[in-house]
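Visitor: My questions will all concern the structure given below.
Taken together, the values in this text are just the output of simple stated rules run on the coordinates, not laboratory data. Small disclaimer: the values here were computed from a predicted structure and weren't measured. So basically every Cβ, Gly included, is an ideal-geometry build from the backbone, and we count neighbours across all protein chains shown.
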Amino acid sequence: MASETQLPHGDDLTIDGERRRDFIYVATGAFAAVGAAAVVWPLINQMNPSADVLALASIDLDLAAIQPGQAIVVPWRGKPVFARQLTPAEIAAANKVDAKTLRDPETLAQRTKPGNEKWLITLGVCTHLGCVPLGAREGEKRGDFGGYFCPCHGSQYDTAGRIRAGPAPKNLEVPQYAFKSPTSVAIG
Amino acid sequence: MSFPWAKHYEPTTDFGRYMDSRLPLPRLVYGALGAGYPTPKNLNYFYNFGVLAGVALVIQIITGVVLGMHYAANTGIAFDSVEFIMRDVNNGWMLRYMHAVGASFFFAVVYVHIFRGLYYGSYKPPREVLWLLGLVIFLLMMATAFMGYVLVWGQMSFWGATVITNLFSAVPIVGEAIHTWLLGGFSPDNATLNRFFSLHYLLPFIIFGVIILHVWALHIPGSNNPTGVDVKGPQDTVPFHPYYTAKDFFGLGVYLTIFAIFVFFLPNALGEVDNYIPANPLSTPPHIVPEWYLLPFYAILKAFTTNFLFIPAKLWGVLAMLSAILLLFFLPWLDTSPVRSNSYRPLNRIFFWVLVADCILLGVCGGKLAEEPWVRIGQLASAYYFAHFLIIIPLIARFEKTLPLPNSISESVLAKYGRTPPPGSAGSFGGTMPQPAE
């Protein structure tokens, strides 16, 4: 087994302790890591919403049948949307509050369209953990602030859909929408 | 991995000798569960619950695999396919009730198992890794149970999925992206149901793998025992077989009897009736609650109702619920008392029972509507839970005056019957440390 080949040993180290082989090891490891990452990404990304889910859906909503003080619930992108015609008393109650003192400071005007302050259109999804708050249907509990009440963990929203009490961090989200006529809107 | 006086496997047949030099499976079983595994001789019935948990997992896997042959993971027919299993599939009602009741029983058994470990100090050195692996199993169990519950696609399934996946949206900046990624959409839908089915099928086998590590980590130091005193010699142990195989089979008989009573006579007693209403994304049930075994953690989640220190209430709740479990991972280093068993820790024993009462109280709060006085009680009970592990346990470990320990397991057993050990027997054996496997 006599061989002329000299395998590198510990004493073949250069002065600064590096070997040529170290570079090969690091390069191999780096190459494998990049390759692994390239394979892992599709495995992770497949869990993101698929194309059919992402395809934007928009709906037209007729508000004509909603009387003052009433609300309707319509599905949009798998979530409920609350469309409510506020009564003058509810508008007054919402405007009486100093928005700066609120957890998520917004005025009623900021949450509605100019000239259509009586139409409050929000997602019916509690900003805490995503339950559907009560208060949109007749006879449901509306909480101490006269808006919506989430039964899951007791978040309370006022007549402008703003968070006033309970664990939710934000006001009920206002979706993108535009008035197409005085009594119909396009959501999405 | 056993004590030096452990009996060694001797194949008695030619075939046994043939296999022993090729695939020594009988040797493994003999050394792990047979006469070759010396076990403290004073283990009480609380030590049955590890084996019971293993049996509960096997029942879940067998019934689950069978249910998977009939279940359809599609939002349009998932609920109906469950009812189809109940009504049309031969014996389907029994298999589904075994699976649903089995989940509850699995948790019940594991909770007894965990509290037994807490009482006898089984998390203390040299069993810390054993304890950590147990907690990993517990976390995996919670994830598996949650996803399994969603598969039914009833109202509680849907809204439970909504609430629990929304926990991730509390994470700053990337929360919403994680939430959408988990669901595969913007609310729980078909993509969510499909992936939950896939993961619900996978995770039990991962649990099984971690259980193998858990049992391995158990067999290195061997079982703790009610005195918490180390095994000192052969007089402190009995062979696992037949002593504990017999004891475990007796406990298993009792367990299966109670299990059968629930499966056949009270199959829905532990569940929520609302889950017999098909999922409706536009209507939240008036009261969303998880299954009973997750209620204490749910109470901690609900305990935070106001923002505080610039962190939103929602994130506080999520962090607290997560830390309630993660805290247990640090227990072996929070409790520095050298005495394991609460039988010799008079002060810690009292607080152990306070903790048990606190956990039950949290469970009650978790099941109540978010109204006073339950919100306040839930907040106080949550505060106690954290104080118990972070303040009370370290303080007790420092200042408690513990009772004198028996010299050996054997001495404590004999003392119960008014006898003293023969002179020079306790601790007379040379090697007290477990030896690695041959």
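Visitor: From the cross-link list B:LYS7/B:LYS401; A:LYS100/B:LYS314; B:LYS124/B:LYS314; B:LYS7/B:LYS247, which pairs have alpha carbons spaced over 28 Å apart? Intermediate values should be presented prior to the final figure.
Guide: Numbers: B:LYS7/B:LYS401 40 Å; A:LYS100/B:LYS314 21 Å; B:LYS124/B:LYS314 34 Å; B:LYS7/B:LYS247 20 Å.
Result: B:LYS7/B:LYS401; B:LYS124/B:LYS314 exceed 28 Å.
Visitor: List, in order, the whole-Hz ³J(HN,Hα) value for each residue of the stretch B:81-86 obtained from phi through the Karplus relation with A = 6.51, B = -1.76, C = 1.60 and θ = phi - 60°; use x for Gly and Pro.
Guide: With coefficients 6.51, -1.76 and 1.60, one gets 5, 5, 5, 5, 4, 5 Hz.
Visitor: Compute the length gained on full extension between B:LEU369 and B:LEU309: take 0.36 nm times their separation in residues and subtract their Cα-Cα distance, giving the result in nm to one decimal.
Guide: Using 0.36 nm per residue and subtracting the Cα-Cα distance, I get 18.9 nm.
Visitor: Give the list, by residue number, of cysteines in the protein assembly as shown with no other Cys Cβ closer than 4.7 Å, or say none.
Guide: If one checks each Cβ against the other cysteines of the protein assembly as shown, B:CYS359, B:CYS365 turn up with nothing under 4.7 Å.
Visitor: Given a Förster distance of 60 angstrom, what is the FRET efficiency for A:ASP62 paired with A:ALA37, based on the Cβ-Cβ distance and rounded to 0.05?
Guide: On the way: r = 51 Å, r/R0 = 0.85.
Efficiency for this residue pair is about 0.75.
Visitor: Right, next: To the nearest 20 debye, what is the magnitude of the charge dipole of the stretch B:28-144 about its Cα centre, counting +1 on the Cβ of each Lys and Arg and -1 on the Cβ of each Asp and Glu? Walk me through the numbers before you get to the answer.
Guide: Numbers: 6 positive and 4 negative charges, 101 e Å.
Roughly 480 debye, rounded to the nearest 20.
Visitor: Let me ask something else. Projected onto the charge dipole of the stretch B:289-403 (+1 at Lys/Arg Cβ, -1 at Asp/Glu Cβ, origin at the Cα centre), which of B:ILE325, B:SER382, B:PRO346 gives the Cα projection farthest towards the positive end?
Guide: B:PRO346
Visitor: Same structure, new question: Which of the peptides B:345-353, B:315-323, A:137-145, B:11-19 is most tightly packed, and how do the rest follow, judged by the mean count of other Cβ atoms within 10 Å per residue? Spell out each step's value before the answer.
Guide: Details: B:345-353: 16.7, B:315-323: 19.0, A:137-145: 13.6, B:11-19: 11.2.
Descending packing order for the listed peptides: B:315-323, B:345-353, A:137-145, B:11-19.
Visitor: Test of understanding: what is the full-extension gain from B:LEU347 to B:ASP20, defined as 0.36 nm times their sequence separation minus their Cα-Cα distance? Could the numbers behind the result be given before it?
Guide: Working: separation 327, 0.36 × 327 = 117.72 nm, distance 5.14 nm.
Length difference between fully extended and current span is 112.6 nm.
Visitor: Another question, then. Taking amide H positions as placed 1.01 Å from N in the peptide plane, with prolines and chain starts having none, which residues 5 or more places from A:ALA165, or on another chain, fall under 5 Å of its amide H?
Guide: Amide H neighbours of A:ALA165, under 5 Å, 5+ apart: A:GLN156.
Visitor: Between B:VAL65 and B:GLU128, what is the spin-label point distance in nm, taking each point 7 Å from the Cα along the Cα→C-beta axis?
Guide: The modelled label-to-label distance comes out at 3.8 nm.
Visitor: What value, in deg cm²/dmol to 500, does the helix sum -39500 (n - 2.57) over DSSP H runs of n ≥ 4 give at 222 nm once divided by the residues of the protein assembly as shown? Walk me through the numbers before you get to the answer.
Guide: Values: 21 runs with 297 residues, N = 626.
One gets -15500 deg cm²/dmol as the mean residue ellipticity at 222 nm.
Visitor: Arranged by the count of other C-beta atoms within 10 angstrom, fewest first, what order do A:PHE149, B:PHE168 take? Intermediate values should be presented prior to the final figure.
Guide: On the way: A:PHE149 21, B:PHE168 18.
Taking fewest neighbouring Cβ atoms as first place, the list is B:PHE168, A:PHE149.
Visitor: Taking θ = phi - 60°, what integer Hz values does the Karplus form 6.51 cos²θ - 1.76 cosθ + 1.60 yield along the stretch A:77-93, in sequence order, with x for Gly and Pro?
Guide: 6, x, 10, x, 10, 9, 10, 10, 9, 6, 7, x, 5, 5, 5, 4, 4
Visitor: What is the average number of partner chain Cβ atoms found within 10 Å of a Cβ in A:151-157?
Guide: Details: counts 7, 13, 13, 7, 4, 0, 0.
Across the residues of A:151-157, the mean count of other-chain Cβ atoms within 10 Å is 6.
Visitor: Quick one: angle between helix B:313-329 and the longest Cα principal axis of chain B, in degrees between 0 and 90, rounded to 10, please.
Guide: For B:313-329 against chain B, the angle is about 20 degrees.
Visitor: B:VAL238's amide H: which non-local residues (gap 5+, or another chain) put their own amide H closer than 5 Å, with H modeled 1.01 Å from N in plane and none for Pro or chain starts?
Guide: Under 5 Å from the amide H of B:VAL238 lie the amide H atoms of B:THR39, B:LYS41, each far enough along the sequence or on another chain.
Visitor: Enumerate the amide H contacts of B:PHE3 below 5 Å, restricted to partners 5 or more residues apart or on another chain; note that Pro and chain-start residues carry no placed amide H.
Guide: Amide H to amide H, under 5 Å and 5 or more residues apart or across chains, B:PHE3 pairs with B:GLN435.
Visitor: As I understand it, the value is the acute angle between the Cα axis of helix A:20-45 and the longest principal axis of the Cα atoms of chain A; what does it come to in degrees, rounded to 10?
Guide: Approximately 30 degrees, to the nearest ten.
Visitor: Next question. Report the label-to-label distance for B:VAL354 and A:PHE179 in nanometres (one decimal), using points 7 Å from each Cα along the Cα→Cβ vector.
Guide: Going from the B:VAL354 label point to the A:PHE179 one covers 6.3 nm.
Visitor: If you plug each phi of the stretch A:149-155 into the Karplus form 6.51 cos²θ - 1.76 cosθ + 1.60 with θ = phi - 60°, what whole-Hz ³J(HN,Hα) values come out, in order, with x for Gly and Pro?
Guide: Karplus-based 3J(HN,Hα) across the stretch A:149-155 equals 10, 8, x, 5, 10, x, 6 Hz.
Visitor: Oh, and also: Tell me, how many Å apart are the Cα centres for the stretch A:48-126 and for the stretch B:22-45?
Guide: Cα centroid of the stretch A:48-126 versus Cα centroid of the stretch B:22-45: 67 Å apart.
Visitor: On to the next question. Which shape class applies to chain B: rounded if a/c is under 1.5, otherwise prolate when a/b exceeds b/c and oblate if not, where a ≥ b ≥ c are the square roots of the Cα gyration tensor eigenvalues?
Guide: Numbers: a/c = 2.22, a/b = 1.41, b/c = 1.57.
Oblate shape, in that a/c is at least 1.5 and b/c is the bigger or equal ratio.
Visitor: Using the Cα centre of the stretch B:29-284 as origin and beta-carbon charges of +1 (Lys, Arg) and -1 (Asp, Glu), tell me which of B:THR284, B:LEU202, B:VAL254 is placed farthest towards the positive end of the dipole.
Guide: Selected residue: B:VAL254.
Visitor: Between beta-carbons, use under 14 Å as the cut-off and find the net charge around B:GLU128, counting Lys and Arg +1, Asp and Glu -1. Don't skip to the answer; put the middle values down first.
Guide: On the way: positive: B:LYS124, B:ARG127, B:ARG340; negative: B:ASP335.
Here the count lands on +2.
Visitor: If you don't mind, there's one more thing I want to ask. For B:289-302, what's the mean count of beta carbons from other chains sitting within 10 Å of each residue's beta carbon? Mind dumping the intermediate values first?
Guide: Details: counts 1, 0, 0, 0, 0, 0, 0, 0, 0, 1, 0, 0, 3, 7.
That average works out to 1.
Visitor: Full extension from B:ILE277 to B:LEU139: what is 0.36 nm times the residue separation minus their Cα-Cα distance, to one decimal in nm?
Guide: Working: separation 138, 0.36 × 138 = 49.68 nm, distance 2.84 nm.
Fully extending the segment from B:ILE277 to B:LEU139 adds 46.8 nm.
Visitor: Gap in Å between the Cα centre of the stretch B:380-414 and the Cα centre of the stretch B:53-69?
Guide: What the calculation gives is 37 Å, centre to centre.
Visitor: May I pose another question? Between B:ILE173 and B:ARG419, with labels modelled 7 Å along Cα→Cβ, what's the label distance in nm to one decimal, could you check?
Guide: Distance between the two pseudo-spin positions: 6.9 nm.
Visitor: Taking the Cα centre of the protein assembly as shown as origin and charging only Cβ (+1 Lys, Arg; -1 Asp, Glu), how large is the dipole, in debye to the nearest 20?
Guide: It works out to roughly 1160 debye.
Visitor: Using only Cα atoms, tell me the angle between helix B:346-366 and the longest principal axis of chain B; keep it within 0 to 90° and round to the nearest 10.
Guide: 20
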